[in-house]
Structures are given as structure tokens and as C-alpha cells.
1. Please work through the chain and write down the cysteines that have no neighbouring cysteine Cβ at a distance under 4.7 Å.
2. Run through every distinct alpha carbon pair of the chain and return the Kirkwood hydrodynamic radius in angstroms, one decimal place.
3. So if we plug the beta-carbon distance of ALA33 and GLU343 into 1/(1 + (r/R0)^6) with R0 = 30 Å, what FRET efficiency do we get, rounded to 0.05?
4. Mind listing which GluC sites (Glu not before Pro) in segment 120-196 are in a DSSP loop and have 13 or fewer other Cβ atoms within 10 Å?
5. Quick check: pseudo-label points 7 Å beyond the Cα along Cα→Cβ at ILE314 and GLN119, how many nm apart are they?
6. Put +1 on the Cβ of every Lys and Arg and -1 on every Asp and Glu Cβ in the chain; which of TRP95, HIS279, ALA239 then has its Cα farthest towards the positive end of the dipole?
7. Assigning unit charges at the beta carbon (Lys, Arg +1; Asp, Glu -1) and nothing else, what dipole magnitude in debye, to the nearest 20, does the chain show about its Cα centre?
Amino acid sequence: MENKRNAFTLQKKVMSGVYFHIPFCKQLCHYCAFHKSISLHAKNDMLECFKKELELKKNYLSEDHLSSIYFGGGTPSVYQPDKIQELINEVQKYWKIDSNAEITLEANPDDLSVKYLKQLSETSVNRLSVGIQSFHDEDLILMNRRHTGKQAYEAIKRAQYYGFDNISVDQIYGVPGLTMKKWKENLNLVYKLNIQHISSYHLMYDPNTVFAKKLEKGQLTEMDEEESYEQYKYLVDSARKNGFKHYEISNFCKENYISRHNSSYWQQKEYLGIGPSAHSYNFKEREWNIAHNHKYMKAIKEGKSFSEKEELNIYDRFNDLILTSLRTYWGLNLTSVKEQFGEKLYLHCLSKAEKYIQSNHIRKENSSLILSDKGVFVSNDIMSDFFYVEDE
């Protein structure tokens with residue numbers, strides 16, 4: 001089948017985006033800490049609540065144009081393509097969707113059947129983010145994923161056949177039992193599939209996950225940090241050799257295939273989050289919805305509050321900039337810091353950066369501070385050190 005989807009570059013001016021949190025999964029992954037429910041009975045009611053929230057928040061964004069829509073979760077592919085298009089149409093009632101907007105659907109491989117993909121190809125969705133995690137069945141069983149390695153591989157090939165040529169895949173490293181040999185095999189299959197984007201994360205033992213409980217009981221052994229670092233290093237080196245730009249801590253893309261929606265977060269653009277636990281940001285405040293399906297739907301239906309807000313002061317906004325910009329290949333621009341936040345926070349950045357430049361965790365390019373590969377691996381510690389605490 002002829003590919004009809006066009007790639008797009010990251011615009012210099014990234015417009016606003018809308019994110020839908022789809023809080024349903026057919027099965028609970030043992031590492032996942034995101035808000036979700038494995039009961040699907042409220043799917044239709046939730047869809048109507050999404051529409052109502054869009055109407056309620058139609059004035060939240062300062063711009064009337066959108067450059068991206070992102071369906072995340074949970075598992076958005078629990079909804080049939082016509083329901084996804086319903087939500088896109090609803091968005092279009094309140095905002096103008098850019099003619100080359102990026103519209104992403106996260107999906108599980110086993111949902112991407114011939115029928116599903118054929119119908120999805122007839123919607124406005126033009127980017128897929130597929131949760132593969134591993135091509136080795138023993139790892140997928142450990143993580144309690146629903147698909148096999150073979151299903152994952154075949155799902156990508158089917159998606160390409162039906163015209164999707166902007167595809168991202170997820171891969172997890174640092175998993176107990178994931179040898180370097182298996183990790184290399186996973187990545188080599190990704191490269192063989194000729195996809196455009198990779199999101200790859202180190203396994204985290206987030207509180208209240210099955211993995212965290214197993215770790216606490218001694219039923220799992222956390223991977224040695226040096227072994228994890230070797231897997232990360234191989235990821236970075238092999239991705240570059242295969243034509244991927246390492247543009248954010250956990251994200252790699254082929255030329256012109258940066259995730260526009262996620263880049264709006266990292267470039268401090270405003271966005272609107274719809275659904276239980278979804279977050280929004282409009283420069284002045286952060287807002288987050290209640291992380292409970294029933295309470296969210298009940299509040300929407302009764303016209304009551306279903307979210308909380310936090311007004312941002314100058315230090316909040318500065319710390320947000322640190323957290324987002326140091327994640328990326330374009331780094332923290334010191335000139336922008338000085339212009340936006342003044343001499344005090346500019347000097348604070350210079351002071352904090354000095355030791356990391358000396359230790360080769362940060363390099364200074366023109367007026368920007370950029371994490372080295374060595375720095376990326378310990379990025380959380382570095383970013384925390386850069387945060388400004390008011391009583392300093």
C-alpha cells in the first residue's frame with residue numbers, strides 16, 4: 001500500500017497541544033505507575049466526560065491553533081478508531097487544528113489488528129506510539145504484557161502497510177534478566193523495522209507497583225547500576241550509528257521526526273490535559289485532574305470541581321525550565337535565563353554548572369548548558385542541584 005503520511009519537522013514556534021489521558025487497560029503491567037483501571041465498563045461514559053471537559057476548558061489555552069493532539073494512557077487503543085475520531089472532531093469545535101498537526105495514538109501491539117489499522121488509517125491519526133518494551137517473551141511475561149515478541153514485530157509491519165510512516169516504539173532496559181545480548185537483539189530488531197522514533201526508559205520501581213512490591217519481598221533483584229549504564233550506553237551509541245538523533249534523555253528520532261507534542265512540554269509551551277489525572281499548563285499555573293475515574297466522571301456530570309491548581313511564582317517557573325530544558329539536546333539557554341529571570345538566577349546557573357563542566361557531566365556550547373552522555377545517566381541528581389530554593 002502506498003504511504004500517504006507525511007513527516008514533519010519541529011516548528012520553531014510550537015503551538016499548543018491537547019493531551020487525552022485514556023485511563024483504561026485490559027491488563028495491569030507490573031512496572032506501570034500511571035493512573036488506569038482494568039475495568040472497561042465505563043468507557044462510553046468516560047468518552048462523554050472527555051467531551052464535556054473540552055467544552056468547560058475551551059478558553060484555557062491562549063492560542064486558538066493546535067499543533068498536536070496526543071492520546072496517551074492507559075491504553076488508548078481500547079477505543080475503536082471511530083471513537084478516537086469523535087474526540088478529534090470535538091477538539092476541532094473549539095480550536096483550529098494545524099493542517100500538518102501531529103496526532104498521536106498510543107497502542108498495544110495486540111490491538112493493532114488488520115481491521116483496527118484499516119479503520120485507523122481512515123482517521124486523522126498520523127502517528128503511532130507502540131508499547132513494545134521487549135521482543136523477548138520471557139521479559140514480556142515478567143512485565144505482564146499482553147503481547148508476544150512476534151505480535152509486536154508483526155504489528156509494526158502491518159501499521160506500515162496501512163500507511164503509517166511516523167511510528168515510535170517503547171523499549172525498557174534495566175529489567176531483571178535482560179542480558180546485554182538480549183538488549184542488543186531488541187534494539188537490532190527495532191532498527192531492522194525502519195521506524196522513526198524510539199522512547200527508551202530504565203525500569204523504575206515506582207511505589208505501589210507490582211514490581212516494587214516484589215523487589216521489597218526479595219522476589220526480584222534490581223539490575224546492577226554498572227550493567228544498566230552499559231545497556232544505556234549501547235542504546236545511545238547504536239541509535240546514533242543507525243541514524244537517530246538523541247534529542248531528549250529517553251527519546252531518539254530520525255531526522256524530522258521529533259515528537260512535536262512531547263517537545264511542547266520540554267520547550268515550555270502551553271498544553272491542555274483532558275481526563276482523570278491529566279495535567280495542564282498555561283504559563284501562569286499548573287492544573288491537574290483527580291486521579292480517580294468514578295470521582296472524575298461524577299464531578300463532571302454534577303458540574304463540580306474535578307481538578308486542583310497551583311499558581312506559579314518566578315522560582316516555580318525557573319525550576320520547571322531546569323527540569324524540561326536540561327532533558328534535551330538543545331539544553332538550558334543561559335541568555336534566555338537572564339532575560340526571563342534576571343541576573344540572580346543567571347548567576348545561580350553559572351555557579352551550579354561549574355563543577356559539572358569540570359567533571360564532564362555538562363558541556364557549554366555558546367550560551368547553552370547541555371548534559372553529556374555521562375551527565376544524562378545521572379540527570380535527576382544534576383537537575384535537582386540546579387533547582388532554586390527560595391531560602392538559599
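Taken together, the values in this text are just the output of simple stated rules run on the coordinates, not laboratory data. Note that this is a predicted model, so its numbers are computed, not measured. Heads up, the Cβs are rebuilt from the backbone with ideal geometry, glycines too, and the neighbour counts pull from every protein chain shown.
1. CYS25, CYS49, CYS253, CYS349, each lacking another Cys Cβ under 4.7 Å.
2. It works out to 22.1 Å.
3. Numbers: r = 40 Å, r/R0 = 1.32.
Here the calculated transfer efficiency is 0.15.
4. Qualifying residues, ordered by number: GLU122.
5. 5.4 nm
6. Of the options given, the answer is TRP95.
7. Working: 52 positive and 53 negative charges, 214 e Å.
For this selection, approximately 1020 debye.
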